[in-house]
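What follows is a set of notes on a single structure, which appears directly below.
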Amino acid sequence: CLPCKETPEDFSNAKAAAPIREGEVVPLDPILIDTDDFEIAGLTWTHHEKGVAVFNVQGVITNKTQDERAVPKLRIALRDQAGSEIYHWTITPAASRIAANARTSFDARLENPPPHNSFDLRFATPEQ
(Lines give C-alpha, C1' and ligand atoms only; values in the text may rest on other atoms or scores of the structure.)
Protein backbone atom coordinates (compact mmCIF):
# COMPACT_ATOMS: atom_id res chain seq x y z
CA CYS A 1 0.00 0.00 0.00
CA LEU A 2 1.12 3.52 -0.67
CA PRO A 3 0.34 6.19 1.96
CA CYS A 4 -1.96 9.14 1.42
CA LYS A 5 -4.21 11.39 3.46
CA GLU A 6 -7.43 13.31 2.82
CA THR A 7 -6.14 16.87 2.72
CA PRO A 8 -3.28 18.28 0.63
CA GLU A 9 -1.62 19.93 3.62
CA ASP A 10 -1.44 16.56 5.45
CA PHE A 11 -0.81 14.42 2.41
CA SER A 12 2.68 13.03 2.11
CA ASN A 13 4.42 10.14 0.45
CA ALA A 14 7.34 8.16 1.85
CA LYS A 15 9.48 9.35 -1.07
CA ALA A 16 8.48 13.02 -0.71
CA ALA A 17 10.59 15.31 1.44
CA ALA A 18 7.73 17.76 2.14
CA PRO A 19 3.92 17.68 2.20
CA ILE A 20 2.22 17.46 -1.16
CA ARG A 21 0.70 20.72 -2.40
CA GLU A 22 -2.42 21.01 -4.51
CA GLY A 23 -1.72 19.93 -8.07
CA GLU A 24 1.79 18.69 -7.27
CA VAL A 25 2.81 15.48 -9.03
CA VAL A 26 4.74 13.02 -6.88
CA PRO A 27 7.04 10.36 -8.36
CA LEU A 28 6.89 7.01 -6.55
CA ASP A 29 9.27 4.04 -6.58
CA PRO A 30 11.02 3.61 -9.94
CA ILE A 31 9.58 0.10 -10.40
CA LEU A 32 6.31 -0.64 -8.69
CA ILE A 33 5.34 -4.02 -10.14
CA ASP A 34 7.68 -6.46 -11.86
CA THR A 35 6.37 -9.79 -13.21
CA ASP A 36 7.84 -12.25 -15.71
CA ASP A 37 5.98 -10.52 -18.57
CA PHE A 38 5.38 -6.90 -17.50
CA GLU A 39 6.85 -4.08 -15.47
CA ILE A 40 5.00 -1.02 -14.20
CA ALA A 41 7.28 1.95 -13.67
CA GLY A 42 7.38 5.75 -13.90
CA LEU A 43 4.48 5.97 -11.48
CA THR A 44 3.30 9.43 -10.42
CA TRP A 45 0.17 10.59 -8.66
CA THR A 46 -1.71 13.65 -7.52
CA HIS A 47 -4.40 14.04 -4.91
CA HIS A 48 -5.92 17.47 -5.50
CA GLU A 49 -6.34 19.56 -8.64
CA LYS A 50 -7.80 23.07 -8.79
CA GLY A 51 -9.48 22.77 -5.40
CA VAL A 52 -11.17 19.43 -6.22
CA ALA A 53 -10.29 16.18 -4.47
CA VAL A 54 -8.93 13.94 -7.22
CA PHE A 55 -7.08 10.65 -7.05
CA ASN A 56 -4.95 10.38 -10.19
CA VAL A 57 -2.19 7.85 -10.78
CA GLN A 58 -0.25 7.50 -14.04
CA GLY A 59 2.51 5.19 -15.18
CA VAL A 60 4.07 3.09 -17.90
CA ILE A 61 3.69 -0.64 -18.53
CA THR A 62 6.56 -2.37 -20.33
CA ASN A 63 6.31 -5.74 -22.07
CA LYS A 64 9.54 -7.47 -21.01
CA THR A 65 9.09 -10.46 -23.33
CA GLN A 66 10.20 -11.12 -26.88
CA ASP A 67 6.58 -11.55 -28.03
CA GLU A 68 3.56 -9.31 -28.45
CA ARG A 69 1.31 -9.56 -25.39
CA ALA A 70 -2.22 -8.60 -24.39
CA VAL A 71 -2.03 -5.99 -21.63
CA PRO A 72 -4.11 -6.89 -18.59
CA LYS A 73 -6.38 -4.35 -16.95
CA LEU A 74 -5.15 -2.66 -13.78
CA ARG A 75 -6.97 -2.75 -10.46
CA ILE A 76 -6.69 0.20 -8.07
CA ALA A 77 -7.93 -0.15 -4.47
CA LEU A 78 -8.28 2.61 -1.89
CA ARG A 79 -7.76 1.53 1.72
CA ASP A 80 -8.68 2.97 5.11
CA GLN A 81 -6.36 3.47 8.07
CA ALA A 82 -6.79 -0.18 9.13
CA GLY A 83 -5.80 -1.35 5.64
CA SER A 84 -9.31 -2.49 4.69
CA GLU A 85 -10.33 -1.95 1.09
CA ILE A 86 -13.05 0.70 0.88
CA TYR A 87 -13.27 1.23 -2.89
CA HIS A 88 -11.77 -0.27 -6.03
CA TRP A 89 -12.03 0.01 -9.80
CA THR A 90 -10.30 -1.35 -12.88
CA ILE A 91 -8.87 0.55 -15.81
CA THR A 92 -7.78 -0.43 -19.29
CA PRO A 93 -4.30 0.79 -20.28
CA ALA A 94 -3.91 2.95 -23.41
CA ALA A 95 -3.13 -0.10 -25.60
CA SER A 96 -4.78 -3.52 -25.36
CA ARG A 97 -1.71 -5.23 -26.88
CA ILE A 98 1.93 -4.22 -26.93
CA ALA A 99 4.84 -5.45 -28.99
CA ALA A 100 7.94 -7.12 -27.58
CA ASN A 101 9.91 -4.75 -25.33
CA ALA A 102 7.41 -1.96 -26.04
CA ARG A 103 5.57 0.32 -23.61
CA THR A 104 2.10 1.69 -23.06
CA SER A 105 0.80 4.20 -20.56
CA PHE A 106 -2.11 4.27 -18.15
CA ASP A 107 -3.99 7.03 -16.36
CA ALA A 108 -6.40 6.24 -13.51
CA ARG A 109 -8.48 9.18 -12.33
CA LEU A 110 -11.25 9.34 -9.74
CA GLU A 111 -12.87 12.64 -8.75
CA ASN A 112 -14.10 13.02 -5.18
CA PRO A 113 -12.67 9.72 -3.93
CA PRO A 114 -13.83 8.38 -0.58
CA PRO A 115 -11.55 9.29 2.35
CA HIS A 116 -8.60 6.91 2.29
CA ASN A 117 -5.14 6.46 3.77
CA SER A 118 -3.41 4.29 1.17
CA PHE A 119 -3.86 2.61 -2.18
CA ASP A 120 -2.70 -0.48 -4.08
CA LEU A 121 -2.16 -0.93 -7.78
CA ARG A 122 -1.93 -4.36 -9.40
CA PHE A 123 -2.84 -6.28 -12.51
CA ALA A 124 -6.48 -7.34 -12.43
CA THR A 125 -7.42 -10.99 -12.63
CA PRO A 126 -9.41 -12.05 -15.73
CA GLU A 127 -12.70 -12.07 -13.80
CA GLN A 128 -12.22 -8.48 -12.59
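The values are calculated or read from the model by the stated rules, or taken from the named source; none is laboratory data. What you see is a predicted model; the values in this text were computed from it and never measured. All Cβ positions, even for glycine, are placed from backbone atoms using ideal geometry, and neighbour counts span all protein chains on display. The protein model used for the area step is the full one, side chains on, heavy atoms only, and it has no ligands, DNA or RNA in it. Shrake-Rupley method; radii C 1.70, N 1.55, O 1.52, S 1.80 Å.
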Subject >> Percent carbon-and-sulfur accessible area, region 73-113, ignoring ligands, DNA and RNA, probe 1.4 Å >> reply: 40 percent
Original post:
So if R0 is 22 Å, what FRET efficiency would Thr125 and Lys50 give, r being the distance between their Cβ atoms, rounded to the nearest 0.05?
Top reply: 0.05
Subject >> GluC sites (Glu not before Pro) lying in DSSP loop within region 58-128, provided at most 10 other Cβ fall within 10 Å >> reply: Glu127
Subject >> Å² of accessible area per residue within region 64-128, as computed with a 1.4 Å probe and no ligands counted >> reply: 58 Å²
Subject >> Linear extension gain, His88 paired with Arg109, 0.36 nm per residue minus alpha-carbon span >> reply: 6.4 nm
